[in-house]
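The values are calculated or read from the model by the stated rules, or taken from the named source; none is laboratory data. Everything numeric in this text was worked out from a predicted model, so none of it was measured. Reconstructed Cβ throughout: ideal geometry from the backbone, glycine too, with neighbour counts over all protein chains shown. The protein model used for the area step is the full one, side chains on, heavy atoms only, and it has no ligands, DNA or RNA in it. Shrake-Rupley method; radii C 1.70, N 1.55, O 1.52, S 1.80 Å.
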Amino acid sequence: MYYEPITRNRANDIVHLWNQEIGDEFPLRKELLIQNSYEDTNVLAAGSCLAVDESGNLIGFIITKKYQEAIDVGFNSEIGWIQVLLVKTENRNRGIGTELLRRAEDALEKSGAKKIILGKDVWHYFPGIPDHYVQVKQWFVSRNYHFDGREYDLLTETPVLQIPEVKGARFSLLNNKNDQDLLLDFLHRCFPGRWEYEAIKYFEMGGDGREFVILKNDVQVIGFCRINDHLSHQIAQNIYWSPLFTDGLGGMGPLGIDAAERGKGYGLALVQAGIAYLSRRGLKHFIIDWTQLIDFYKKVGAHPWKSYATYFKSLENEKVAGVR
């Protein structure tokens with residue numbers, strides 16, 4: 001058994017192994033793998049590798065990330081992510097996962113990371129470990145990873161047929177360069193960080209605005225909601241697992257309202273507007289990903305669909321304790 005770098009000529013092997021192990025719940029498409037794990041410049045090559053048996057068959061892999069782009073939206077340079085770690089079932093309990101994790105952690109530490117988060121990376125697959133993977137959670141806990149809460153993907157199949165009307169503002173799809181600039185200004189002002197980064201990348205990659213519902217008053221954008229479907233040029237987080245829905249899937253999120261404009265009913269109306277635009281595209285199933293706001297989204301008929309346990313590891317604490 002040996003280890004080798006992750007290269008594109010192994011993409012089909014990765015997809016096959018993934019779907020063999022967890023594809024019933026999280027079906028991976030090659031185009032999603034390419035988007036999230038090959039084309040993302042934040043992949044840390046030194047901490048990402050494949051485990052291959054003596055016959056050349058892929059039996060495990062790990063993908064590690066650290067933010068490396070020039071876009072300054074406030075990502076913490078001391079954070080590293082493990083995007084995915086997977087070992088073929090019949091090859092487990094042989095130290096393969098431990099060796100893959102060791103290589104990832106060493107590379108992250110050398111890159112300046114002081115904290116490692118499981119999932120939640122830019123262009124992530126999961127916001128944590130799927131909560132029912134009990135043995136996986138225990139495995140990471142035994143390696144000094146600490147539980148940090150739960151996140152949920154929610155599903156609603158309650159359509160909204162009309163775009164809601166609200167006092168003092170109006171909803172629309174983003175459809176011109178001026179609105180694009182207003183949206184980016186709004187995100188920089190109200191939601192700097194990941195949401196701003198994702199919007200910048202969306203336009204950099206040729207997005208035309210059909211994926212953004214915006215709420216505007218007479219002067220500026222005061223709210224937004226990202227919506228996604230099978231025609232979106234990016235495979236966004238809330239439609240990752242759309243192969244599970246044979247009649248199509250729409251996704252919503254992130255979404256947010258300017259703090260100065262909250263308390264006016266805009267938030268719920270924004271969710272309803274997002275569902276309405278997706279419903280007009282003929283969709284009947286809608287996922288809201290990576291959220292803890294279960295009670296809020298119940299108002300549009302949403303309920304937990306998938307849940308994830310979040311974990312982190314502090315490399316600094318381990319140094320102080322003499323572990324590393």
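Each residue of the range 268-281 was assigned a 3J(HN,Hα) from its phi angle through the Karplus curve 6.51 cos²θ - 1.76 cosθ + 1.60 (θ = phi - 60°); the sequence is 5, 4, 5, 4, 4, 5, x, 5, 4, 5, 5, 4, 5, 8 Hz, with glycine and proline shown as x. A cut-off of 5 Å between modelled amide H atoms, ignoring neighbours fewer than 5 places along the same chain, links residue 60 with 51, 88. Between the Cα long axis of helix 11-22 and the first principal axis of the chain there is an angle of about 80°, rounded to the nearest 10.
When you count the other C-beta atoms within 10 angstrom of each residue and take the mean per peptide, 14-23, 283-292 line up highest first as 283-292, 14-23. Expressed as a whole percent, the accessible surface of the range 91-212 that belongs to carbon and sulfur atoms is 50, based on a 1.4 Å probe.
At a probe radius of 1.4 angstrom, the accessible area of the chain per residue rounds to 45 square angstrom.
When 114, 167 are compared by accessible area at a 1.4 angstrom probe, the order from most to least is 167, 114. Cross-link partners for residue 299 among the lysines, with Cα-Cα distance under 28 Å and sequence neighbours closer than 8 places in the same chain left out: 120, 167, 216, 264, 284. Distance between the pseudo-spin-label points of residue 146 and residue 284 (7 Å out from Cα toward the beta carbon): 4.7 nm. Evaluate E = 1/(1 + (r/R0)^6) for residue 178 and residue 25, where r is the Cβ-Cβ distance and R0 equals 35 Å; express this FRET efficiency to the nearest 0.05. That gives a FRET efficiency of 0.25.
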